[in-house]
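The values are calculated or read from the model by the stated rules, or taken from the named source; none is laboratory data. Note that this is a predicted model, so its numbers are computed, not measured. Because the Cβ atoms are built from the backbone with ideal geometry, glycine has one as well, and the counts that use them run over all protein chains shown.
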Amino acid sequence: MNLKTTTPKFKRYCYIVPALLSLTAGYSATGGIVEKAAYESLVQQTVKGKVLDESGLPLAGATVLEKGTTNSTVTDMDGNFTISAATGATLQITFVGYTTQEVVVTVADINISLAPDSNELSELLIVGYGSQSKKDVTGSVAQISEKNFRQGINTSADQLLQGKVAGVRILPASGEPGAGVNVMIRGVGSVRSGSTPLFVVDGVPLSNDAVSPGGANLGLGSSSAKNPLNFLNPSDIESMTVLKDASAAAIYGARGSNGVVIITTKKGAKGQANFTFDSYMGFSQVAHKYDVLSADEYRNAITDPAFDHGGNTDWQDVIYRNAATRNNSFSYSKATDSGNYYVSVAQMDQEGIVNKSNFKRTSARINAAESFLDDKRLKVNVNLTASESKDDGVPTSDDGGSDGQLIIHTLMANPTRNVFDENGEYTNFNMNAHYNPAYLLDRYDDQTRTSRILGNLDASFRIINGLEYKLNVGIDRSMAERNTTMYPNLTDRFTNGRYVQGNVESKNSLIEHYLSYDLLSNKHKLNAVAGFSYQKFETSGTSFIMDRIADRDAGINPANNPAFSGIQAGVSGFAQVNELQSYFGRVDYAFNEKYLFRASLRADGSTRFGENNKYGYFPSFALGWNISNEDFLSQSATLNSLKLRASWGQTGNQEVQNKITQASYALSPQDGYYLYSDLGLVNGVSVGRTPNPDLKWEVVTQFNVGVDFSLWNDKLYGTVEYFNKETTDVILNIPAPVLSPTNSIWTNIDGSIVNSGLELTLGSRIIDTEDFTWSLDVNASTLKNEVKDLPVSEIYSGVISGPGQSGVQANIYKNGYAAGSFFLLEHTGFDEDGANVYKDQNGDGIIDNSDRVIIEGALPKFNFALNSELRWKNFDFSVSFIGQTGGYNFNNTAMNALNINNLASDRNTTMDYVNSGANQANAPQISTLYLEKSDFLRLNTARLGYTLKLANVNWFDSINLYVTGQNLFTITNYSGYDPLINSPKASAGNQSIGIDYTAYPTARTYLIGATLKF
């Protein structure tokens, strides 16, 4: 047989291929000789392999694709794969967060190790019902991890976000430990109370309803329930993802109108088992004292010597203290080839800066994941946390009226009075309904105990490669008891004492089924999710009131034995059930890693809405273009990534009271009750609420366009976004005088609230060497809010407290103005007699409500933050600034507690009012005199740490010693305790904005701690 070769340029291996070559496509029937490489490239074989991470552990779910074909597979839980491929073919191995690797098939058994991808856009983001690489995201999604959380003392998860995400504003209701926090994403979207986003913890959507009773009014005003997120230990949280636009949040449908915050807790870490112990001690003091008159300044200001009582007391020093906080947490984590585990226990004990106020929490968590069956196609995850918290409150209130509560009495207290008399007894100066604040603290107890368990089990079963069935079952159960006591006292507030016990029990049950399908084929990448969700919310509670209780000094504490200590004065209770049934689906598609598409639809049915509108439908669409992957930019040495994206979608708001679509009735105390609705009131039965079977969801329609970019090998990266968010079908409770003058109806009204603005996020790795790194990031957002097309002339809210202010409201919702703008008299100064002068807007010579005008809005127009981190060898230093401009606060504290007429009433005031030229007989009125800018710049946190490693000790990994300062200084012209405070002063369910009323002050904190890893 004649042998011949084809080219002399390389070593040739030739084989005689007789009849077998006739089976090879493209070979001549006459036979011949081919080179070895050419022949082997035509022969398919079974290739087996294993994909490992940088630690040598298997990577489950990595995609193995024969390049240039649609032939692909995914690795199992052991990282193994099997694929049919020809010798000489190229296999492309991809896994989110790792650099793509290509391997040429030369043998039938291959081991591949992937390296982490440090590219900014390779980050894996947690989104609703799944995860997505950042380069494929088309919506507005921001994710922060543990290293980015706000440093310092954080009692709840929402506080971790402060200053970290553009467009997200964290606004505490007060500085009290355990108090509520307002989280606002892209402005105010509803007239009704609350702009709180939906929180989802490990796949379980939480209820935003309070899980503890509100504080009873014992003559000093009532107070809000504690923060429902207090049960989570922040140390257990791995990441928080904020879904800001409708494209990202629409998968949560009826509950996504205020945005969604997804909280993911920690899982077992790769490598050896890890033990972590963290302990810190903190010391807090009031960040800023109110500048009231000292004793000497007071003596110089008063005209009546009877008001000089000879003492010298700083009453703020009397009730405020240097408070201590202790926190200890321990965790264990480990990952195996088939699963991972995380266990933690923690205990926190935080003293408040007001005497007798405290927050204590004990929590535990178990997270476990395991795989089953031979090919590990069944995966089960269990997340379980339990906590018990104890809140000791003080007599602060939201609606304390003119005589208010502890903070009011402290600020008004005459500094020439003493705390105790010559006999060592409290001086209870009960004049003009004004009390010794130290005596109030002594006579008042308020304790809340809350136990909460949150757990879920999610299981996924791989039906075939790429197709998984997922089940998620969760339960959130809480029980809370609040005991509030005013002991017998010398004031005029329940002088014989009063005790109130409130109980709330809540249960949130969830079951979800959904299918997830992934396809990676050549240039096509597809992910589809479709499922069903059912959630049931059950809440019940009781209230028990007892009067004429025995004194605590007699050894009888009503909280321990209420039945023995007094006379029952009232019992009440409630029970409610709310159900939500949903169907949802989403498709994500990417072509050639350049062109991105997302569409989702959720249908929600809720028992909260009328028979004619049980279901709402919430669609979204989004497009993305990875411009940097185009040929004309792919070789750029400067630009690493550039993506343009746009989205449109709708979300809903179902955060309304239960049963509001149904009628409610009231009974008067007489016999023979029955109802004849055409007459409205017959034999003691009246209609309090008219049914409305047509009530439907509020709908938020949002458009978003953004640009993501990365330059100079990710040294500079960021996002610029524009959003327009419009709320329609606003739900209000309005008068419906059909049956009786007190009748009302919940209904959807025309009109809308529009929020629009720009968001900027910039991050940089300025220096990145082995010994020294420096990163800096900034985020900023603008906000324009406007009310449009309301069918009513105006809607009021913002209840004002003070003498003569009954029924007065400071916030207004009116077409053409920002939501919650201020509606005030325009104060122009004082006349020659020191009397207030207001502008007569209508020229009728009379100053009254008709002269009130819309002045300014409470919402800041610009929010910003700066975060920086430096590391030099074993030292680390981080700092965070936050600030805002363009907003206003109405200082109701100054109006009520510190007015100039206090000098004529044996009370204190400020030097500003003394020097203002006002006379001491000025009756306060709601005006611009008390309107102040809320602009500020704050050094929010600063941290310095040192990490020590002992190379010769095998069982010890490292210890990090650190000191942290929180709320270190604030630059502002605002005269109150804190410009970043918002008191809950809602009216008829309509939310108030920017009213500061004697809130518990915020604290400045210093802490020292150590984190040990074994």
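Tell me which residues, restricted to segment 300-332, are hydroxyl-bearing (Ser, Thr, Tyr) and over 18 Å from Ala386 (Cα atoms). Please lay out each step first, then the result.
Our first condition is that a residue be hydroxyl-bearing (Ser, Thr, Tyr); within segment 300-332, this holds for 303, 313, 320, 325, 329, 331-332.
Selection gives Thr303, Thr313, Tyr320, Thr325.
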I'd like the full set of residues that are surrounded by fewer than 19 Cβ atoms within 10 Å (Cβ to Cβ), assigned to a strand (DSSP E or B) and not polar (S, T, N, Q), limited to segment 946-965. Tyr946, Leu948, Ile959, Leu961, Val963
If Leu411 passes every condition in (1) part of a strand (DSSP E or B); (2) surrounded by 15 or more Cβ atoms within 10 Å (Cβ to Cβ) but one, which one does it miss? (1)
All-but-one check, Pro395 against (1) at pLDDT 95 or above; (2) of a type outside the set (S, T, N, Q); (3) buried (at least 19 other Cβ atoms within 10 Å of the Cβ), failing number (1)
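Residues are listed down the side, and each one gets a yes or a no for (1) under 30 Å from Ala810 (Cα atoms); (2) touching a residue at least 60 places away in the same chain (Cβ under 8 Å); (3) not assigned by TED's automatic domain parsing to the domain that holds Phe890:
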{"residue": "Ser934", "(1), (2), (3)": "yes, yes, no"}
{"residue": "Leu939", "(1), (2), (3)": "no, yes, no"}
{"residue": "Thr964", "(1), (2), (3)": "no, yes, no"}
{"residue": "Leu968", "(1), (2), (3)": "no, no, no"}
{"residue": "Ser983", "(1), (2), (3)": "yes, yes, no"}
{"residue": "Asn990", "(1), (2), (3)": "yes, yes, no"}
{"residue": "Leu1007", "(1), (2), (3)": "no, yes, no"}
Could you list, in sequence order, all residues of segment 178-193 that are surrounded by fewer than 20 Cβ atoms within 10 Å (Cβ to Cβ) and more than 11 Å from the chain's Cα centre (by Cα)? Ser193
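If you scan segment 539-556, which residues turn out to be over 29 Å from Gln576 (Cα atoms), surrounded by fewer than 15 Cβ atoms within 10 Å (Cβ to Cβ) and either among the aliphatic types (A, V, I, L, M) or at pLDDT 90 or above (or both)? Break it down into steps so the answer makes sense when it comes.
Within segment 539-556, the first condition is being over 29 Å from Gln576 (Cα atoms), and the residues that meet it are 548-556.
Filter once more, so that each one left must be surrounded by fewer than 15 Cβ atoms within 10 Å (Cβ to Cβ): 553-555.
Scanning segment 539-556 gives a single hit, Ala554.
Inspect segment 762-778 for any residue being within 24 Å of Ala622 (Cβ to Cβ), crowded, with 19+ Cβ neighbours inside 10 Å and not small (Gly, Ala, Ser) and give the result as yes or no.
Kept after step one, since they are within 24 Å of Ala622 (Cβ to Cβ), are these residues of segment 762-778: 762-763.
Imposing the further condition that a residue be crowded, with 19+ Cβ neighbours inside 10 Å reduces the set to none.
Taking every residue of segment 762-778 in turn, none turns out to be within 24 Å of Ala622 (Cβ to Cβ), crowded, with 19+ Cβ neighbours inside 10 Å and not small (Gly, Ala, Ser).
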What pairs come out if I take residues in segment 165-179 that are on the phi > 0 side of the Ramachandran plot and pair them with residues that are among the hydrophobic types (A, V, I, L, M, F, W, C) and not in a loop (DSSP other than H, G, I, E, B) whose C-beta lies under 7 Å away, six or more apart or interchain? Gly167/Ile185; Gly178/Phe359
With the requirement that a residue be surrounded by fewer than 16 Cβ atoms within 10 Å (Cβ to Cβ) and not aliphatic (A, V, I, L, M), what does segment 452-464 give you? Phe461
For segment 140-162, name all the residues that are under 12 Å from the mean Cα position of the chain (by Cα) and either more than 30 Å from Ile407 (Cα to Cα) or not charged (D, E, K, R) (or both). Ser156, Ala157, Gln159, Leu160, Leu161, Gln162
Strands (runs of 3 or more DSSP E) fully within segment 724-843 counting 1 or more residues that are of a type in the set (Gly, Ala, Ser) and more than 30 Å from the chain's Cα centre (by Cα): 744-749, 827-830
Pro619 vs (1) surrounded by 15 or more Cβ atoms within 10 Å (Cβ to Cβ); (2) out of contact with any strand residue (DSSP E or B) (no Cβ under 8 Å at 6 or more places or on another chain): all pass except (2)
Quick one: what pairs do we get from segment 404-430, first residue in the same structural domain as Arg443 (by TED's automatic domain parsing), second among the basic types (Lys, Arg) and in a loop (DSSP other than H, G, I, E, B), C-beta under 8 Å, 6+ apart or different chains? Met412/Arg907; Ala413/Arg907; Asn414/Arg907; Thr427/Arg417; Phe429/Arg417
Can you work out which of the residues in segment 143-172 that are aliphatic (A, V, I, L, M) and under 24 Å from Glu388 (Cβ atoms) is surrounded by the most Cβ atoms within 10 Å (Cβ to Cβ)? Ala157
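Table: residues versus (1) among the charged types (D, E, K, R); (2) more than 28 Å from Ile464 (Cα to Cα); (3) modelled with pLDDT of 80 or more; (4) surrounded by fewer than 15 Cβ atoms within 10 Å (Cβ to Cβ).
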residue: Ser28; (1), (2), (3), (4): no, yes, no, yes
residue: Tyr39; (1), (2), (3), (4): no, yes, no, no
residue: Val47; (1), (2), (3), (4): no, no, yes, no
residue: Leu65; (1), (2), (3), (4): no, no, yes, no
residue: Glu102; (1), (2), (3), (4): yes, no, yes, yes
residue: Asp109; (1), (2), (3), (4): yes, no, yes, yes
I'd like to know if segment 478-487 contains one or more residues that are in contact (Cβ under 8 Å) with a residue 24 or more places away in the chain, among the aliphatic types (A, V, I, L, M), crowded, with 19+ Cβ neighbours inside 10 Å and in a loop (DSSP other than H, G, I, E, B). no
Of all residues in segment 276-328, how many are surrounded by fewer than 17 Cβ atoms within 10 Å (Cβ to Cβ) and under 34 Å from the mean Cα position of the chain (by Cα)? 12
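The rows are residues; the columns are (1) in contact with a Lys or Arg (Cβ under 7 Å, 6 or more places away or on another chain); (2) farther than 17 Å from Tyr290 by Cα; (3) at pLDDT 95 or above.
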site	(1), (2), (3)
Gln884	no, yes, yes
Leu898	no, no, no
Asp912	no, no, no
Ile926	no, yes, no
Leu929	no, yes, no
Leu939	no, yes, yes
Flagged in segment 321-346 as under 21 Å from Lys270 (Cβ atoms) and among the charged types (D, E, K, R), in numbering order, are Lys334, Asp337
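If I ask for residues that are β-branched (Val, Ile, Thr) and closer than 30 Å to Gly763 by Cα, which ones from segment 775-832 would you list? Outline the logic, then answer.
Residues of segment 775-832 β-branched (Val, Ile, Thr): 778, 782, 787, 792, 795, 799-800, 808, 812, 828.
Result: Val778, Thr782.
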Test result for Asp840, in the same structural domain as Gly965 (by TED's automatic domain parsing), among the charged types (D, E, K, R) and free of Cβ contacts under 8 Å to residues at least 40 places away in the same chain: yes
